[in-house]
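Participant: What follows is a structure written as structure tokens; I'll ask about it next.
The values are calculated or read from the model by the stated rules, or taken from the named source; none is laboratory data. Worth saying up front: this structure is predicted, and the values here are computed from it rather than measured. Don't worry about glycine lacking a Cβ; one is built from the backbone with ideal geometry, like all the others, and counts go over all protein chains shown. When the accessible area is computed, the model is the full protein with side chains, heavy atoms only, and any ligands, DNA or RNA have been set aside. Shrake-Rupley method; radii C 1.70, N 1.55, O 1.52, S 1.80 Å.
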Amino acid sequence: ASRAVQGVGGPLMAALTLLTNNDTVASGLLLVGDVVLAAKLGPHDTLVSVIERPRLYEALSRGVRGPLTLVSAPAGTGKTTLVRSWVDAGGAFGDLAWVTLDDADARPGVFWTYVRAALGRSGVEALPVERSARRGQVSRIFLGELAGCLSRHPQPVTLVLDNAESLVDHAVWTDLAFLITHAGPALRTVVSTRVDPPMPTQRYRIDADLVELRFADLAFTSSEAGALIEQHGVSLSPHSVDALTRRTGGWAAALRLGP
């Protein structure tokens, strides 16, 4: 059945919705084969011009030296573009596993299906399959085996979770914190989100295991804003660029609309 829905967009998402609404399939990890969207397991191509931002690339690279990097800011601040361009610049530590999330991925079974598929694409072998989890959760045995597979992988894996505000089920975040703890240095997680996740971030801060990028960090400087405006074919004086940057607070979406 899965091969019959190998289209893109609506038909494929409808098939996934049908599967995730099925009690039998949703009882554990989704065993959906081809329905695992390839587009969800890698950075999306961007139609916008990318401004290289070395100061933020350095912060992300510093973050993946530890277990958790949090990129948390409102919509239109360039989170996905930043992380994608950092990856393209070779910033990810070790192998890369990327999951682009949406509202249909909130259930633990769906989320961990995609994480498992992304890790498999990054080269992690002998990944476990959870078949008997109760509805709404996955087993700690599965997560422990997943951590073991990561620890046996020859190099660390950087796991990027984009649009992570879609994960409204707190159980997912509890399980992710468990995996981060038990995988140790084998896993470096980058969470890109519009809202802070319900994770023990204070503990990570105390242990110096967390790097955070927020609105103030993502705000464009005058020089970055000038480069962005030039890419849109608009010529402004340095004084006007400074004024526009102050007026917009360096917010990427507003800068694109401002000129």
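Participant: Just give me the residues in segment 38-70 being part of a loop (DSSP other than H, G, I, E, B) and either at pLDDT 90 or above or aromatic (Phe, Trp, Tyr) (or both), in sequence order.
Facilitator: Those that are part of a loop (DSSP other than H, G, I, E, B) and either at pLDDT 90 or above or aromatic (Phe, Trp, Tyr) (or both): ARG53, VAL64, ARG65, GLY66, PRO67.
Participant: Another question, if that's okay. Can you tell me which residue within segment 136-176, out of those that are in contact with a helix residue (DSSP H, G or I) (Cβ under 6 Å, 6 or more places away or on another chain) and over 16 Å from LEU187 (Cβ atoms), is modelled with the lowest pLDDT?
Facilitator: GLN137
Participant: Determine whether LEU213 is among the hydrophobic types (A, V, I, L, M, F, W, C), touching a residue at least 24 places away in the same chain (Cβ under 8 Å), surrounded by 14 or more Cβ atoms within 10 Å (Cβ to Cβ) and closer than 18 Å to ASP105 by Cα.
Facilitator: No; evaluated as a whole, the condition is false for this residue.
Participant: Further question on the same structure: Looking at ALA73, is it hydrophobic (A, V, I, L, M, F, W, C), over 21 Å from PRO185 (Cβ atoms) and modelled with pLDDT under 95?
Facilitator: Taking the combined requirement at face value, the residue does not satisfy it.
Participant: Okay, next question. Look through GLU130, GLU125 and report the one residue that is buried (at least 17 other Cβ atoms within 10 Å of the Cβ) and in contact with a helix residue (DSSP H, G or I) (Cβ under 9 Å, 6 or more places away or on another chain).
Facilitator: GLU130
Participant: Still on this structure: Just to be sure before I move on: is ALA171 open to solvent by 10 Å² or more (accessible area, probe 1.4 Å) and either part of a strand (DSSP E or B) or under 14 Å from ASP105 (Cα atoms) (or both) in the structure I sent?
Facilitator: yes
Participant: Here is a follow-up. Which of (1) over 17 Å from GLY184 (Cα atoms); (2) in a helix (DSSP H, G or I); (3) in contact (Cβ under 8 Å) with a residue 24 or more places away in the chain; (4) of a type in the set (Gly, Ala, Ser) does GLY120 not meet, given it meets every other one?
Facilitator: With (1) over 17 Å from GLY184 (Cα atoms); (2) in a helix (DSSP H, G or I); (3) in contact (Cβ under 8 Å) with a residue 24 or more places away in the chain; (4) of a type in the set (Gly, Ala, Ser) applied to GLY120, the lone miss is (3).
Participant: Any residue in segment 152-170 that's under 13 Å from PHE93 (Cα atoms): show its pairings with residues that are of a type in the set (Lys, Arg) and crowded, with 22+ Cβ neighbours inside 10 Å at Cβ separation under 8 Å, as long as the two are six or more apart or on different chains.
Facilitator: Taking only residues 6 or more apart or on different chains, the pairs are PRO156/ARG188; VAL157/ARG188; THR158/ARG188; LEU159/ARG188.
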